[in-house]
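Before any comments, here is the structure.
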Amino acid sequence: MILTVTLNPCIDKTIYLDRLTVGSYNRVRSTRSDLAGKGLNVSIVLKNLKEDTLCTGFNFTENGRLLEELLDTQGVAHQFIRAEGAIRTNIKLFDTSCQVMTEVNEAGPKVPPQAVEQLLQMADSLLEHTDLLVMSGSVPPGVPADIYQRLIRMAHEKQVKSILDASGEPFLLGLQEKPYLIKPNTLEFEQAFHTPIGPDSIPIDTIQNILNGGVSRICISMGEEGALFADREHIYRAQPLSLKPQGLTGAGDSMVAGICYAIRKNLSTDQMLRWAMAAAGGSIQKPGTILAGDEDIRELLPLVEVEQIR
């Protein structure tokens, strides 16, 4: 089973504009609202790929029923810890003239200490039946920054591979526990490792130091510039797919799902990157926060171009 952890679920309100003009009047072309969360997105794509997955994390009393109904509709199993408050709302402003998304995200409600302990106890039990642990996204107020670090430590004790897709202090603390794989995007990589990265400036030494430090694999999503994927022997680069974006939310989470699928199938590192790119591309072609299906991903797989750069 693949266990995904979502500590800070959200309602994504996507607003489509002909052109976003900062500091001026903007007319809305259309809107849509979708319940989401990074780990939830991973599980939904995994379910579409017919993988056994379960969502855990925090849900909230005021409108949490909507989240559980969504997962039920998708056929995704879930087991949450409830806390007081309401699921936060994130605003996504999609400028159709240049295909750029601007995000305005709420912090989320404060989670009490007893709910944190309940989650850790439940995770300890669920890890007994888990092959892969995926930790994604932000940490809500009240939750200690070392939450991912503690979960990775628990996974190690049960010989469960862990994947970390986060930023800031929770990412840096989690990194100390040596997860199996990390998936920063360009900005997160530069902030965490104080090293610029781009298609013409690949910091090979920094990537090698991360891997020599105990992480087995690293995937760096680079948006319109494709992605990098490295293990301790190789570094691969994938060229961006030529697609017309309909919605960018969930692309990185879909990459993680593709990687999880490839790990479960014991595929090679370069194949992990192919599945990551195809899964992300499948979701980019969907409007709003609709995510890639099995057919979407398999249609794109032959189009993914991967080169070995080391």
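The values are calculated or read from the model by the stated rules, or taken from the named source; none is laboratory data. Note that this is a predicted model, so its numbers are computed, not measured. Don't worry about glycine lacking a Cβ; one is built from the backbone with ideal geometry, like all the others, and counts go over all protein chains shown. When the accessible area is computed, the model is the full protein with side chains, heavy atoms only, and any ligands, DNA or RNA have been set aside. Shrake-Rupley method; radii C 1.70, N 1.55, O 1.52, S 1.80 Å.
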Part of a loop (DSSP other than H, G, I, E, B), in contact with an Asp or Glu (Cβ under 6 Å, 6 or more places away or on another chain), over 22 Å from Ile152 (Cβ atoms) and open to solvent by 40 Å² or more (accessible area, probe 1.4 Å): does that describe Pro240? yes
Candidate set: region 252-276, residues that are in contact with a strand residue (DSSP E or B) (Cβ under 8 Å, 6 or more places away or on another chain) and open to solvent by 20 Å² or more (accessible area, probe 1.4 Å); chosen: the one farthest from Gly37 (Cα to Cα): Asp270
Verdict on Leu228 being of a type in the set (A, V, I, L, M), surrounded by fewer than 14 Cβ atoms within 10 Å (Cβ to Cβ), under 18 Å from the mean Cα position of the chain (by Cα) and farther than 20 Å from Leu132 by Cα: no
Taking region 223-256 as the search range and keeping residues that are modelled with pLDDT under 95 and of a type in the set (A, V, I, L, M, F, W, C), which one is nearest to Ala276 (Cα to Cα)? Ala251
Just wondering, is there one or more residues in region 285-299 that are of a type outside the set (Asp, Glu), in a helix (DSSP H, G or I), modelled with pLDDT of 95 or more and surrounded by fewer than 17 Cβ atoms within 10 Å (Cβ to Cβ)? yes
Could you tell me whether Leu151 is in contact (Cβ under 8 Å) with a residue 60 or more places away in the chain, among the aliphatic types (A, V, I, L, M) and in a helix (DSSP H, G or I)? yes
Do any strands (runs of 3 or more DSSP E) entirely within region 33-120 hold 1 or more residues that are open to solvent by less than 40 Å² (accessible area, probe 1.4 Å) and within 25 Å of Gln285 (Cα to Cα), and if so, which? 53-60, 88-95, 100-105
